1. Quick check: residue separation of VAL125 and PHE8 times 0.36 nm, minus the Cα distance between them. What number comes out in nm?
2. Using r as the Cβ-Cβ distance of ALA254 and ASP464, and R0 as 51 Å, what FRET efficiency do you calculate, to the nearest 0.05?
3. Just subtract the alpha-carbon distance of ALA340 and ALA295 from 0.36 nm times their residue separation and send over the number in nm, one decimal.
4. Using a 1.4 Å probe and ignoring any ligands, DNA or RNA, find the accessible area of TRP227 and quote it in Å² to the nearest 10.
5. Kirkwood Rh, Cα Rg: Rg to Rh for region 238-338?
6. For the pair ARG30/LYS241, report the inter-label distance in nm, with labels modelled 7 Å from Cα in the Cβ direction.
7. Quick one: grab Rg to one decimal and Dmax as a whole number for region 161-307, Cα atoms only, in Å.
8. With a 1.4 Å probe and all protein chains kept in place, how do HIS284, HIS195 rank by accessible area, largest first?
Amino acid sequence: MRYFARLFVIVWTILRFGLDDLALSGLRRRRFQLLRRTISLGRSWQQPRGVRLRLALEHLGPIFVKFGQVLSTRRDLVPEDIVLELSKLQDDVPPFPAAESRALVEKAFGKSVEQLFGSFDAEPVASASIAQVHFATLKDGREVAVKVLRPGMLDTIDDDMALLRTLAGWIERLSADGRRLKPREVVAEFDTYLHDELDLVREAANAAQLRRNMAGLDLIMVPEMHWDMCSTEVIVMERMKGVPISQLDRLKAAGIDIPKLARDGVTIFFTQVFRDGFFHADMHPGNIQVSLDPATFGRYVALDFGIIGTLTEVDKEYLAQNFIAFFQRDYKRVAELHIASGWVPADTRVDELEGAVRAVCEPHFDRPLKDISLGQVLMRLFQTSRRFNVEIQPQLVLLQKTLLNVEGLGRQLDPELDLWATAKPFLERWMNEQVGWRALINQVKKEAPRYAQLFPELPRLLHDALKRQAAAPDSRALEALLREQHRTNRLLQALLYGAVGFTLGLLATQVWMRWPPLI
C-alpha cells in the first residue's frame, strides 16, 4: 500500500505542477501538441516553469532534488530560467524545524545542547536534500559545523527506490537499448550511494580519507572531524570559511585568479580519480567554496562527503589509456580498448568503431570549453554506441556524473578553459609513472617489505622440506628435489644478475643522457 501511495503522490505532483505540460511542450510533433492541449483543459499555472519544476522536485524528496542539482550545472542543455531556479536546490532546500534539529542532536549524544556546546545557532546556515547544517562553538571556543540528518529520510528513499527498480525492470523487458544500459544495476548502485549518505559516520570517514589524500596538494581543504561527536544522524566538524564558488563577483572583487581557479579544479578532479581512485562525487556549486583567508587564499573548500566514488587499478588504467588516446586523437586505440575490455562484442570491426568515434570527437578538439559540451558529446556517443551494442558500465556512472559537474563548474568559472590541454599533461605524467621505469622502482619499493620478510625464511623452509623428503622411503623423490633445487638456484642467480645488469644499464643511460662524453 505504501508503494502505491508513493506512486500516487508522484503522479499527483506531476499534474499539480504541470510537469506533463512542461515535458510535452518540448515535443513539436502535431499529435503531441494535440495531447498537450487536451490534458491542459481546465488547468492553468501562474508561476513560471522553472519555479514549478523546482517546487515539484522539492515536494518529491531527496532523489528528485539530487536530479535537479545535476541539471542546474548544465547551462548548455537546460534553459537559463530553469537553471537559475534549480540552482536554489544546491543549498537552499526548505529546512526542517529548528526544534527537531535540536532534539536530534540531544538524542544522538544523550546530553542537552547547552552541555555539548558553548553556543548553538538554531537557524541552519545551509539546508540540503539529506541534511542541514548549524554553526556552533565548542566549550573550548573552537568553531564547528553541526550536520543533522533530516528525519524520516529512510522510508522516503526506500519507496522511491522501489519505484525506480520497477521502472528499470520495465525498461529492460521492453527495450533493447534499455538492456544495454543495465538500468537495474545502475539503480542498485544509486541505491547503495543514497543509503550510504544516510550514515553520517560513513560521510565523516570519507572526509577523513579525502583530507589525508589531499594534504600535500595545497589546492583544496577538507574539514577535520571531531570523532567524539560523530554519530549516524549527527556529525560535528571543523567550521570552514569561504565564499561559494558560484559567487563570482565576490571572488573577483577579492582578487581571486579565476582562470587559475578553473585549472586547479581540473587538476583536483584528475588527481582524485587517477592518483587516488577516491573522488568527491557530488561536486555541484553548493558543495564547493573558495577560501579568502590570507594563509589559504584561493584554495578550494570541499563540503558534503556523502557520495564518494572509487575506482580499481584496472578501472584507472583503462580510463587513463582512453583519455590519452582521445587527447592524441588515436581513435583506433580507443576502439581497441573498448573491444579488449569487453565493452563491445569481440567480433566488432575495429575500423568501423574507430570511424564512428572519430566522427563524434574530432570536431571538438582545439576549441575552448565554451564551444564544447561534454553533454552533447556523450549524447552523440550514446547514439553511436547503439550500432555497436556498447554496454554501459554501472561502476563508472558516478565518474560520468562528476565529470559533468566539473565541466559545469569549469564553464561557469572560465568559458575559455581548454579542458583537454589542462588534463593531458597530468594524464601523460600519471601513465609514465604507471608503466615506465619509475613504475618498476615504485613496485619494487612497495614489495620490498614482503621480500625482506620472506628471504630470511627461505633456508629454514628449504631445510624442513629436505628433512621431510629424507624421512620418506622413496630416494628418487629426494634426488628429484635436489635437482629441482639446483635448477632453482641457477634461475635465481640468473635473475639476480639480470636485475643488477638492468639497473646498471638504467644508471649508465641516465648518466649518458645528463652528461654526454665530449668528443
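The values are calculated or read from the model by the stated rules, or taken from the named source; none is laboratory data. Everything quoted here is computed from the prediction, not taken from an experiment. Cβ sites come from the backbone with ideal geometry, for glycine too, and all protein chains shown count toward neighbours. Surface areas here come from the heavy atoms of the whole protein model, side chains and all, with no ligands, DNA or RNA. Shrake-Rupley method; radii C 1.70, N 1.55, O 1.52, S 1.80 Å.
1. 38.8 nm is the gain from fully extending VAL125 to PHE8.
2. About 0.10, to the nearest 0.05.
3. The ALA340-ALA295 span can extend by a further 11.4 nm.
4. Number for this one is 130 Å².
5. Here Rg/Rh amounts to 1.08.
6. Label at ARG30, label at LYS241, 6.6 nm between them.
7. Considering region 161-307 through its Cα atoms, Rg and Dmax are 18.6, 59 Å.
8. My answer, sorted largest first, is HIS195, HIS284.
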